[in-house]
């Protein structure tokens with residue numbers, strides 16, 4: 001039974017045998033063709049001609065040249081803009097000092113923050129015979145705007161050349177009348193009152209009043225040594241005729257003052273002013289004046305000098 005079933009698996013009809021023969025023929029044919037025909041090639045297949053490759057190389061080179069030119073122009077524009085900014089725009093000075101616009105030097109003008117163009121115009125104006133009679137004459141200089149002028153104006157001292165004034169100053173030096181009985185309140189007096197003190201002429205009186213306004217009032221007499229051009233020998237000879245009322249001190253609210261209010265004060269420079277404003281911007285406000293020293297916003301010596309002029 002099993003042998004019969006096995007025989008059935010390997011028994012084919014005529015049609016099936018013919019089909020097997022055809023398949024074997026096709027299989028043998030395919031094997032022969034594969035052996036006889038070599039489809040591989042040692043030659044490199046190139047999809048572009050020599051001319052086409054040269055055009056691509058030339059195009060890539062032109063792109064590199066354009067990129068280089070564009071980068072060069074960009075650098076030149078950056079340099080030009082920086083150069084123009086340096087030449088045409090003033091900067092806020094690190095610190096301020098007294099000066100006479102009729103005699104100030106180019107280096108001093110640079111320290112005041114004037115741009116190269118402003119300095120050139122300033123010097124050309126003087127060389128052409130121009131003279132500064134009053135402080136607002138600085139606004140005649142092209143490029144000096146009101147913001148810049150307002151910062152440096154308190155430090156402008158113009159020497160008077162009027163013959164009458166010169167004679168008056170000479171008369172003061174020669175005057176022998178005793179004025180030792182005169183006593184002046186330094187924080188409330190006028191320039192005319194100061195001129196009543198022997199040795200104090202109009203120029204000195206004006207400077208003492210102007211420095212008082214910059215400070216917000218005198219705290220002690222030793223501050224007179226800080227007045228521009230005031231002779232120490234003269235100060236020693238007149239200080240007993242001066243009294244100081246500290247209740248007249250004009251204070252700066254440290255939580256409300258703007259940049260221009262702080263930078264004008266003789267005891268603060270640009271970086272210290274910026275530190276105060278930056279702290280206020282971050283912190284919100286000062287809770288105590290001593291925070292200026294607690295947070296190292298001011299050096300100890302500067303803090304002690306400015307403290308009497310601050311409030312919160």
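Table for the structure above
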quantity	calculated
Gyration tensor (alpha-carbon) shape descriptor, the stretch 252-311, a/c threshold 1.5	rounded
Label-zone membership for the stretch 254-270, site residue 285, 7 angstrom Cα→C-beta point, backbone N under 20 Å	254-262
P(r) tail fraction, the stretch 80-159 - alpha-carbon pairs more than 14 Å apart, %	60 percent
Residue-span extension gain [residue 278 to residue 133] - 0.36 nm each, minus C-alpha spacing	48.3 nm
Label zone at residue 91, where the point sits 7 Å out along the Cα-to-Cβ direction: the stretch 116-150 residues whose backbone N lies under 15 Å	116-119
Relative contact order (percent, whole number), the stretch 237-312, Cα cutoff 8 Å, 6+ residue spacing	41 percent
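No value in this document is a laboratory result; all are computed from the given coordinates. Just so we're clear, the structure is a prediction, and the values are computed from it rather than from any experiment. Don't worry about glycine lacking a Cβ; one is built from the backbone with ideal geometry, like all the others, and counts go over all protein chains shown.
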